[in-house]
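*Asks:* The structure under discussion is supplied below as structure tokens; questions concerning it will follow.
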Amino acid sequence: MHLFARNPGLVHTALTRLPPAWRRLDAYLAGRTSVAGIMATPLVRGAAVLATRLPFGPAGTFSGEPVRP
């Protein structure tokens, strides 16, 4: 949730553009896996680490808010 709170646009983009991300969310919502199960894969852990290093807020490219001059 922390990643979503920081970069909601990034999370939405990943879910809509990357079928594996959507399948993992679907499995979680259907009760077939847990957050721990999703985070157990090296690719997801690495992506989460990289995503937490991205900027957030109005200056971030994935903040979902327009940049104000």
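*Asks:* Give me the pairs, please: first residue somewhere in segment 25-39 and part of a loop (DSSP other than H, G, I, E, B), second residue anywhere and not small (Gly, Ala, Ser), beta-carbon distance under 8 Å, and either six or more positions apart or on two chains.
*Replies:* Thr33/Arg24; Ser34/Tyr28
*Asks:* Just give me the residues in segment 19-61 being among the polar types (S, T, N, Q), modelled with pLDDT under 85 and either closer than 12 Å to Leu3 by Cβ or surrounded by 13 or more Cβ atoms within 10 Å (Cβ to Cβ) (or both), in sequence order. Don't jump to the end; show me each part of the working.
*Replies:* Step one: list which residues in segment 19-61 are among the polar types (S, T, N, Q), which gives 33-34, 41, 52, 61.
With modelled with pLDDT under 85 added as a condition, the list becomes 52, 61.
Result: Thr52, single match.
*Asks:* Sticking with this structure for a sec: Give all pairs with beta carbons closer than 7 Å in which a residue from segment 10-24 that is under 15 Å from Val35 (Cα atoms) meets a residue that is at pLDDT below 85 and of a type in the set (Lys, Arg); count only pairs at least 6 apart in sequence or on separate chains.
*Replies:* none
The values are calculated or read from the model by the stated rules, or taken from the named source; none is laboratory data. Model, not experiment: these values are computed from the prediction. Note that we place each Cβ from the backbone using ideal geometry, even for glycine, and neighbour counts take in every protein chain shown.
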